[in-house]
Every structure is written in C-alpha cells, then in structure tokens.
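Undergrad: I have a structure I would like to understand better, so I am pasting it below and will then ask my questions one at a time.
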Amino acid sequence: MLVLKGILLLFIIFFGIPNQIIDYKHRKKKAYEPGDAWAYYSRLSKEGSAEGKFMMWSAYCGIAFIVVVLAYLALGLFGTHR
C-alpha cells in the first residue's frame, strides 16, 4: 500500500498540479463549455497541441491508476493469504 501512496503522490505532483494550471488557463478564456473538457482537449491533442496531449495523457494515466488500485484491492479481498 505504501507503494501505491508513493505513486499517487508522484501522480499528483507531475500530472495533477500542471493539469489544474492548464485547465484554469483554458477555462479563464472560456475556450469550452462546462462539461465539454474531454472533447476540447481531445481536439487540441489531435491538432498537435502540447497542452492537449498532456491533458489527455494525464487523464489516461489517471484512469489506469484507478484500474490498478481496484485490481490491487480485489486481489487483497479475494486473494488467499496463507
């Protein structure tokens, strides 16, 4: 569990904080409608924007981290520890 906490801390430092800064900058310009962020950053990513690519990759890494944590918890719940 300590390893997962370390990974979470690194994720927050390297993805979470820059993610919020980039999103704040785009929301301040009213670049997209509320609730349309995924489509907006996906379009930016396809157009070659570094910020769009970063936002999409950070979202994919976040989803992957959630899946890993759920798998770890399921292993602890259903695994046999003898």
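Undergrad: Does anyone have the angle between helix 50-78 and the longest principal axis of the chain? Alpha-carbon axes, 0 to 90°, nearest 10?
TA: With both axes taken from Cα atoms, the answer is about 20 degrees.
Undergrad: Summing Lys, Arg as +1 and Asp, Glu as -1, what charge do residues with Cβ under 10 Å from the Cβ of L44 carry, L44 excluded?
TA: +1
Undergrad: For mean projected area of the Cα convex hull in nm², pick the label among [x] 6.7; [y] 15.6; [z] 5.0 that corresponds to the value derived from the coordinates.
TA: Among [x] 6.7; [y] 15.6; [z] 5.0, the one calculated here is [x].
Undergrad: Can you give the calculated 222 nm mean residue ellipticity of the chain, where each DSSP H run of n ≥ 4 adds -39,500 (n - 2.57) and the sum is split over every residue, rounded to the nearest 500 deg cm²/dmol?
TA: Result for the chain: -24500 deg cm²/dmol, rounded to the nearest 500.
Undergrad: Okay, moving on. Angle between the Cα long axis of helix 2-11 and the longest principal axis of the chain, 0 to 90 degrees, nearest 10?
TA: Tilt relative to the chain: about 0 degrees.
Undergrad: Go through the stretch 23-57 and name the trypsin sites (Lys or Arg not before Pro) that are in a DSSP coil and have 11 or fewer other Cβ atoms within 10 Å of their Cβ.
TA: Sites meeting the loop and neighbour criteria: K29, K30.
Undergrad: Counting pairs on different chains as well as pairs 8 or more places apart, how many Lys pairs in the chain have Cα atoms under 25 Å apart?
TA: For the chain, the number of qualifying lysine pairs is 8.
Undergrad: What does the charge count near R27 come to, summing +1 for each Lys or Arg and -1 for each Asp or Glu among other residues with Cβ under 15 Å from its Cβ?
TA: Surrounding charge for R27 is 0.
Undergrad: Under a 1.4 Å probe, what is the accessible area of the chain per residue, stated in Å²?
TA: 78 Å²
Undergrad: What residue among G62, Y40, G76 has its Cα farthest toward the positive end of the dipole of the stretch 28-81, where the charges are +1 on Lys, Arg and -1 on Asp, Glu, each on the Cβ?
TA: Value computed over the given set: Y40.
The values are calculated or read from the model by the stated rules, or taken from the named source; none is laboratory data. Keep in mind that this is a model prediction, so the values were computed, not measured. Here the Cβ is made from the backbone with ideal geometry for all residues, glycine too, and neighbour counts use every protein chain on show. What goes into the accessible areas is simple: the full protein's heavy atoms, side chains included, and nothing from ligands, DNA or RNA. Shrake-Rupley method; radii C 1.70, N 1.55, O 1.52, S 1.80 Å.
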